[in-house]
Amino acid sequence: MDYVSTRAQTSSRPSAPVGLDQALTAGLADDGGLYVPMQIPTLMPDRLDGSQPLAELASHVLQPFFSGSSLAPELDSICRQALDLPIPLVPVFADDHAWLLELFHGPTAAFKDFAARFLATCLAALRNDPQQHQTVLVATSGDTGAAVASAFHRRPGFSVVILYPDGKVSPRQAHQLGAFGDNVHCYKVQGNFDQCQAMAKQALNDVELSSRLGLTSANSISMGRLLPQITYYAYAALRLANPNDKLNVIVPTGNLGNALGCILARAMGLPIGRIVLATNANRTLPDFFEHRNYRGRPGLETLANAMDVGDPSNFERLAWFYRDADLHKANLKAESINDDTIRQCIERVYRAGGYVLCPHTACAMELLHRYRKQGDSRTWLVAATAHPAKFETIVEAVTGQRLDPPPALAELLTQSSHAVALEPDVNQLRNELITIRQ
Ligand SMILES: *Cc1c(COP(=O)(O)O)cnc(C)c1O
């Protein structure tokens, strides 16, 4: 399988197609575009075994994407190492046709563990020079940083540098980010997430610095993060869809990486019907589907902080996949949920059935609630993206109940935590990066 840049047709100096190994190592294409597979492979869902565990199914589903890659013979083992995480399908209280797919049972309690572990396992398997060192630079609004840190923690040949906006992640998220130590270096930037992201981009685009330190990105633009996100939707669709009723899915959405996994699963032939993108008050995607006009803008701060995105990085991939078709006929839509409604939804679902939602998952559950009120009786899946205990200050205030963190998170919270304060200035970051590697 070849991978092409989303800008290959429009750039004056387009990047040539590459194999998966190079797409994984490079992250971003030279022309600034995102890598996409040249074709979307088709699967025969009736030949797949819907009772397989995720890691086994993943290896079948991802096989065509790995054809020609040096990692193809290792795909089974990569999936077993990276994707061997529980993914319970939990029935929604008092609803016979709706399930929550709990994607938060990995080491850092958010769905990003699947992607980060898969990418780290692939990059470690691709490393053939024992002298080679890579520095994974990641800007995070909370969950990505922890997932990436955990996935690369103590891996020989890698270090991780995390930039997060000081005061803009939950207290538990902040503690978690600074608790790894060893090869993980954590910086609290005196600015907002956009500034963290700009610093990371500037450092990665600095050719001299980048090659000297072996800088690489692990933000959601990497193909290595997108591919594993196809697999759990395949898993859910094979278990829950039946011949007369495809599985309809609601995905809490920020940068559009997770939802793109679902969109690819459907395009590959898995029995998925409607896909709805649930956003917080950041309306870029809902406005696009309503007015047919894409307008990126600065992100707004909301209770669902991991989705505070005003210019979703994966939109470019979505536009590329639908380049010949009308994206507005793609059986996709996006709807926005504001902070008051997030709180009300968390409270309503807790009072009704004792289930506690994280603020991100609440955006998606609210949409399910609306569809049911409008008389929709189809089968729905809601992707549950984080454990609510990661957002304890919000959730405990709404439910009035203390919420214990899951075991892996509890363990991290007992460790000491340390983050270095940094001005939002790429020169300061450059000095830090050089010091770390000395
Ligand atoms: C990152 C994140 C999202 C948004 O996922 P995207 O792939 O950026 O759309 C939603 N919920 C949680 C808990 C997250 O950490």
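The values are calculated or read from the model by the stated rules, or taken from the named source; none is laboratory data. Computed from a predicted model, the values in this text were never measured in an experiment. Glycine gets a Cβ as well: all are built from the backbone with ideal geometry, and neighbour counts include every protein chain shown. Quick note on the areas: whole protein, heavy atoms, side chains included, nothing else; ligands and nucleic acids left out. Shrake-Rupley method; radii C 1.70, N 1.55, O 1.52, S 1.80 Å.
Report ³J(HN,Hα) in whole Hz for each residue of the range 362-376, in order, from the Karplus equation J = 6.51 cos²θ - 1.76 cosθ + 1.60 where θ = phi - 60°; Gly and Pro get x.
Per-residue couplings from phi come out as 4, 4, 6, 5, 4, 5, 4, 4, 5, 5, 4, 5, 7, x, 6 Hz.
Quick one: Cα convex hull volume of the range 53-145, Å³ per residue?
On the way: hull volume 12.2 nm³, N = 93.
About 131 Å³ per residue, rounded to a whole number.
Pairs of Cα atoms under 8 Å, at least six residues apart: use those to get the relative contact order of the chain, whole percent.
18 percent
For the range 104-121, just list the computed ³J(HN,Hα) in residue order, Karplus coefficients 6.51, -1.76 and 1.60, θ = phi - 60°, integers in Hz, with x standing in for Gly and Pro.
My calculation for the range 104-121 gives 10, 9, x, x, 10, 6, 9, 5, 5, 4, 4, 5, 5, 5, 5, 4, 5, 5 Hz in order.
On full extension of the chain, what length is gained from Ser416 through Asp96, given 0.36 nm per residue of separation minus the C-alpha to C-alpha distance?
110.8 nm
Over 5 Å intervals from 0, what percent of Cα-Cα pairs in the range 291-334 sits in each interval?
Result, from short to long distances: 5, 17, 24, 25, 15, 10, 3, 0 percent.
Let me have the relative contact order for the range 1-141, percent, based on Cα pairs under 8 Å that are six or more residues apart.
Worked out over the range 1-141, it gives 18 percent.
Which residue, Glu423, Glu208, Glu56, has the most motion in a Gaussian network model of the chain that connects Cα atoms within less than 10 Å?
Top of the fluctuation ranking is Glu208.
Around Leu264, what is the net charge, scoring Lys/Arg as +1 and Asp/Glu as -1 over all other residues with Cβ under 13 Å from its Cβ?
Counting the neighbours of Leu264, the net charge comes to +3.
Note down the net charge around Leu85, summing +1 for each Lys or Arg and -1 for each Asp or Glu among other residues with Cβ under 12 Å from its Cβ. Don't skip to the answer; put the middle values down first.
Values: positive: Arg80, Lys112, Arg117; negative: Asp84, Glu102, Asp113.
Taking every other residue near Leu85 into account, the sum is 0.
More than 38 Å apart: what percent of Cα pairs in the chain qualify?
16 percent
Could you check the simple spin-label distance between Lys373 and Ala198, using points 7 Å along Cα→Cβ, in nm with one decimal?
Spacing of the two 7 Å Cα→Cβ label points: 4.0 nm.
Quick one: which residues, 5 or more positions from Ala98 or on another chain, have an amide H under 5 Å from its amide H? H modelled 1.01 Å from N in the peptide plane, none for Pro or chain starts.
Distant-sequence amide H within range of Ala98: Val92, Trp380.
At 1.4 Å probe size, with every protein chain present, just tell me what the per residue accessible area of the chain comes to in Å².
40 Å²
Around Leu247, with a cut-off of 12 angstrom between Cβ atoms, what is the net charge of the other residues, counting Lys and Arg +1 and Asp and Glu -1? Let's see the in-between values first.
Numbers: positive: Arg239, Lys246, Arg266, Arg274, Arg378; negative: Asp245.
Combined, the nearby Lys, Arg, Asp and Glu give +4.
So how much accessible area does Leu34 have, in Å² to the nearest 10, using a 1.4 Å probe?
Using a 1.4 Å probe on the heavy atoms, I get roughly 10 Å².
Report in % the part of the accessible area of the chain that belongs to carbon and sulfur, leaving out ligands and nucleic acids; probe 1.4 Å.
With neighbouring chains kept in place, the figure for the chain is 46 percent.
Assuming R0 = 22 Å, what is the FRET efficiency of Ser12 and Arg295, from their Cβ-Cβ distance, to the nearest 0.05?
0.35
For the range 216-270, take the convex hull of the Cα atoms, compute a quarter of its surface area, and give me that in nm², please.
Values: hull surface 15.6 nm².
The directionally averaged projection comes out at 3.9 nm².
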